[in-house]
Each structure stands twice: as C-alpha cells, then as structure tokens.
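A short worksheet on the structure shown next.
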Amino acid sequence: MNFEHPLPVLNVSAEAIHIEIGSTSSGELIVKNSGGGTLKGYVTSRHRALTFSPSEWVGNAQTLQYTFDTALADGADGDFETMVYVCTNGGETAIHVTARQAQMVITARDGTVISSVREFYQYSLAQPAAARQIFTDGEFYMLLLAVGYPYMEIYENLHKDANRERAMDNFFILSGMKQKTTATLPQTSFVFDRRPYDATPVRGYITVEKSDAGFYEAPIEVENAPPWLTFSANRLLSGDFDADNRARIPFAISPAMINTRYACERVYIANHEAEIIFRRLPPLQAKLNRDSFRYDDHGVIEITNNTGVDLSVEVFCKDSFVRFNARSYLVGGRYEIPFSVKLSAFSHAGRFFRKTPFMRTSIIVKGARPGVVHRLEIPLSAGEW
C-alpha cells in the first residue's frame with residue numbers, strides 16, 4: 001500500500017455480517033475515510049459464495065455491494081461461517097460472516113422469493129402494493145418467526161393498523177431498514193403583488209419534498225385562518241406525493257377580502273414555516289435614478305403606473321435649478337421623465353456667499369385620471385460631491 005500524509009483512517013459500517021440464505025442474499029458494506037488523504041483499498045472474502053462489488057476502490061466513501069450465491073455454498077444445509085478482510089492504506093479490518101439457510105420463504109405473485117426482512121424491504125420498494133398485501137398475511141407472520149424476528153409483539157400491533165402504508169413504514173424503521181421519513185419546504189416565502197383595483201383571485205402552491213418514498217403525513221396549519229387565504233385541504237397525505245417524492249399544496253388568495261395594502265399569514269407544514277404575503281401596489285410610483293446630483297448634471301424620474309389606465313402625469317419643482325423639458329406626460333405603464341440640474345449664475349454666486357456645500361429640494365409628481373389625483377413628493381440633493 002502507498003501511504004499519504006496526513007494518513008487515511010479506515011472506518012467500516014459493520015463489525016459482522018449476518019446472511020439469511022434465500023434465492024437472493026445480498027446487502028451492502030460502507031467504508032469511509034475518517035482521516036486525511038485518499039483511501040485506497042480492496043475487499044476479499046474467504047468463501048467463494050460471497051462476492052463484493054467493487055472489490056477494489058479509490059475514494060473516501062464507498063458502498064460495497066455483497067451477494068451470496070447459494071449455488072456456490074457447497075451444499076450447506078445449516079449454519080456456517082467465513083471471514084471478510086478489508087485492506088486499505090488507512091488500516092485493515094476483519095469482518096466475521098455468518099450464513100444460515102432460510103427456514104422459510106414466501107413466493108410473491110410475480111415469482112420473487114422472500115426469505116428475510118431485508119428481502120421483503122427491497123421487494124416493497126419495487127412492488128409497494130403487493131408488499132402491503134403480504135405484510136398482513138399469516139405467511140409473513142410465520143416468516144418472521146422462522147428468521148427469529150425480535151419485535152414480534154410490536155409487529156402484531158402494527159398488523160392491526162388499518163393504514164398499511166404507515167404500519168409497514170414503522171416496521172421497516174423498527175427493523176433498521178430505513179430512517180424515519182422527513183420532509184422539507186424548498187421555498188418558504190411567497191409574495192404576490194397586484195394592482196390596486198385588481199380583485200382577480202390569486203392562486204399558488206407550496207411544494208413539499210420528502211426524504212424518501214416512505215410514509216409521511218402532516219397537518220396544514222394556518223396561524224390566524226384569515227378569510228382571504230384558503231387551502232384545498234387541512235392535511236398533507238402520503239398519497240399526495242408523486243414519484244419524485246414531491247407534493248404540491250394549492251392555496252388561493254381573495255384580494256376582494258383584503259382591505260389593506262399589505263397582508264401576511266404564516267402556514268405550518270411538516271414542522272416548517274412558510275409565509276404568504278399579499279401586497280397591493282400603490283397607484284403611482286416614482287423614484288430618481290440616483291439619490292444625489294452634481295450642480296451640472298442630468299437625471300431621470302422613473303414612473304410606474306399601476307392603475308391599469310393611462311395617467312396624465314405632471315412634474316414640478318419649486319427650485320429653478322431643476323429643469324424639465326415638459327410639464328405634462330401621458331404614462332401608460334412605465335415611463336422615464338428626464339430632467340437636468342443646473343444652477344443659474346445668480347444662484348451659483350450666492351452659494352459661495354452662503355457657504356452651502358449642497359442644496360436640498362423636492363420634485364412633485366401628480367398623476368391624474370377622472371375624479372382622482374395621486375400626488376408624490378421625491379426629495380433631491382444637489383452639490384459638489
């Protein structure tokens with residue numbers, strides 16, 4: 001072996017391997033490097049019936065799949081033992097392997113032979129509906145007795161659960177086949193902007209992703225249950241998830257029931273918090289392209305009309321050093337109104353007498369439509385910056 005600095009340190013996921021010999025006897029062994037450098041190694045079995053793939057690797061985390069071929073088991077009809085050796089540049093370890101003939105097997109409708117809890121778990125991943133049927137059969141109970149399943153009393157209670165999907169998931173968690181299924185929200189903030197007079201309902205959805213294909217259910221809780229926010233259901237069910245383990249929870253917002261410009265509500269799903277925000281845009285928005293200008297400069301007023309109808313927009317500044325090409329503009333949606341900053345000779349001279357480094361003023365923007373006038377005031381600073 002070639003050693004590196006800092007040295008790798010071998011870490012193996014199991015100290016022993018127990019195999020129930022059936023039609024297919026397989027599993028996995030995980031090797032990791034808990035030190036430095038790069039782990040390199042190989043695995044070798046002392047029994048020809050037990051093989052590993054890959055048998056050699058380079059990398060700091062590797063899953064070794066093992067298979068026990070009953071045809072090469074030398075006709076053994078009882079328990080027998082062998083050893084497996086993992087040799088790396090980060091150390092070596094010996095793993096004791098015991099194998100025994102399955103005392104009972106279950107043959108599924110598709111011909112799959114199940115002789116252990118692990119094989120039943122693998123079968124459930126491929127055929128979940130058929131596995132749920134097997135789970136409650138008396139034959140499966142006898143298989144658990146034959147393999148010496150240690151939690152028979154708990155299985156009997158799970159067997160009584162009318163929700164077979166939940167019962168099987170808890171069974172596999174108890175058996176160490178999988179971890180408890182968890183869920184996350186990829187997006188937790190939802191913001192919807194609407195025009196001031198738009199009462200069209202708003203529709204959206206919250207995406208939930210679960211960690212695996214296991215059973216998962218959770219309540220959908222709306223903190224204050226406002227009348228403007230409604231969900232299609234009050235509970236997330238395992239059947240709501242698609243093949244990619246994603247579920248979409250639709251909701252609707254009724255703007256007609258919101259009499260303020262801003263509304264916010266928190267929703268709790270899968271132990272996570274999501275925030276739904278509704279904002280009613282102001283009828284008229286205006287801002288400068290910069291906060292400050294020099295005494296001989298040019299700028300732009302960015303106008304946004306959110307009313308949905310054309311507005312007659314007027315601009316005005318009480319100080320003469322802010323100058324516009326025109327006083328009135330017709331604005332449909334968005335528009336930029338140019339202006340210039342230029343002191344007169346008199347104002348320029350007076351500035352030195354007053355010793356004023358900069359001057360402040362404001363621009364008045366008015367947007368008018370029949371019967372309504374919207375007025376905004378924008379502060380402006382000019383000086384030698």
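The values are calculated or read from the model by the stated rules, or taken from the named source; none is laboratory data. Nothing here was measured: the structure is a model prediction, and the numbers come from that model. Note that we place each Cβ from the backbone using ideal geometry, even for glycine, and neighbour counts take in every protein chain shown. Heavy atoms of the whole protein, side chains included, go into the accessibility calculation; ligands, DNA and RNA do not. Shrake-Rupley method; radii C 1.70, N 1.55, O 1.52, S 1.80 Å.
Please go through the range 215-243 and give me each residue that is in a loop (DSSP other than H, G, I, E, B) and in contact (Cβ under 8 Å) with a residue 24 or more places away in the chain, ordered by number. Don't jump to the end; show me each part of the working.
The initial filter retains those residues of the range 215-243 that are in a loop (DSSP other than H, G, I, E, B), namely 215-217, 223-228, 232-234, 237, 241-243.
Those that are in a loop (DSSP other than H, G, I, E, B) and in contact (Cβ under 8 Å) with a residue 24 or more places away in the chain: Phe215, Tyr216, Glu217, Glu223, Asn224, Pro226, Pro227, Trp228, Phe241.
Counting just the residues of the range 167-222 that are touching a His at 6+ places or on another chain (Cβ under 8 Å) and farther than 30 Å from Thr304 by Cα, which one comes out surrounded by the fewest Cβ atoms within 10 Å (Cβ to Cβ)? Write out each step before concluding.
As a first pass, look at the range 167-222 and keep what is touching a His at 6+ places or on another chain (Cβ under 8 Å): 167, 183-185, 188.
Narrowing further to those that are farther than 30 Å from Thr304 by Cα: 167, 183-185.
Values: Ala167: 20, Ala183: 20, Thr184: 13, Leu185: 18.
Applying the filter and picking the extreme gives Thr184.
Could you list all residues from the range 63-73 that are among the hydroxyl-bearing types (Ser, Thr, Tyr) and modelled with pLDDT of 85 or more? Thr63, Tyr66, Thr67, listed by residue number.
Each row is one residue, and each column tells you yes or no for (1) under 27 Å from Ala14 (Cβ atoms); (2) of a type outside the set (Gly, Ala, Ser).
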{"position": "Thr98", "(1), (2)": "yes, yes"}
{"position": "Val105", "(1), (2)": "yes, yes"}
{"position": "Thr136", "(1), (2)": "no, yes"}
{"position": "Tyr141", "(1), (2)": "no, yes"}
{"position": "Ala146", "(1), (2)": "yes, no"}
{"position": "Met152", "(1), (2)": "yes, yes"}
{"position": "Asp161", "(1), (2)": "no, yes"}
{"position": "Arg164", "(1), (2)": "no, yes"}
{"position": "Asp169", "(1), (2)": "yes, yes"}
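Quick check on Asn306: is it farther than 30 Å from Gly383 by Cα and open to solvent by 70 Å² or more (accessible area, probe 1.4 Å)? No; evaluated as a whole, the condition is false for this residue.
Taking the listed residues Leu343, Leu380, the one that is out of contact with any Pro (no Cβ under 6 Å at 6 or more places or on another chain), surrounded by 17 or more Cβ atoms within 10 Å (Cβ to Cβ) and at pLDDT 90 or above is Leu380, with no other qualifying. Residues in the range 173-215 that are closer than 30 Å to His18 by Cβ and hydroxyl-bearing (Ser, Thr, Tyr): Ser175, Thr181, Thr182, Ser211. Applying the set (1) assigned to a loop (DSSP other than H, G, I, E, B); (2) open to solvent by 50 Å² or more (accessible area, probe 1.4 Å) to Thr63 leaves exactly one unmet item: (1).
Looking at the range 289-300, which of the residues that are open to solvent by less than 20 Å² (accessible area, probe 1.4 Å) and out of contact with any helix residue (DSSP H, G or I) (no Cβ under 8 Å at 6 or more places or on another chain) is nearest to Pro186 (Cα to Cα)? Give the steps one after another, and end with the answer.
So the first thing to find is which residues in the range 289-300 are open to solvent by less than 20 Å² (accessible area, probe 1.4 Å), and the list is 293, 295, 299.
Narrowing the set further to residues that are out of contact with any helix residue (DSSP H, G or I) (no Cβ under 8 Å at 6 or more places or on another chain) leaves 293, 299.
Working: Phe293: 43, Gly299: 41 Å.
Residue satisfying both the conditions and the ranking: Gly299.
In the range 1-17, of all residues being surrounded by 13 or more Cβ atoms within 10 Å (Cβ to Cβ) and in a strand (DSSP E or B), the one that is modelled with the lowest pLDDT corresponds to Ile17. So which residues in the range 128-138 are open to solvent by 80 Å² or more (accessible area, probe 1.4 Å) and at pLDDT below 90, if there are any at all? Selection gives nothing. Taken over the range 74-111, the criterion of being modelled with pLDDT of 85 or more, open to solvent by less than 50 Å² (accessible area, probe 1.4 Å) and part of a loop (DSSP other than H, G, I, E, B) is satisfied by Asn89, Gly90, Ala108, Gly111.
In the range 113-214, which helices (runs of 4 or more DSSP H) lie fully inside it and hold 1 or more residues that are within 24 Å of the chain's Cα centre (by Cα), in contact (Cβ under 8 Å) with a residue 40 or more places away in the chain and farther than 30 Å from Phe278 by Cα?
Numbers: elements: 117-126, 128-135, 138-146, 152-159, 164-174.
In the range 113-214, 117-126, 164-174 are the helices (runs of 4 or more DSSP H) which contain 1 or more residues that are within 24 Å of the chain's Cα centre (by Cα), in contact (Cβ under 8 Å) with a residue 40 or more places away in the chain and farther than 30 Å from Phe278 by Cα.
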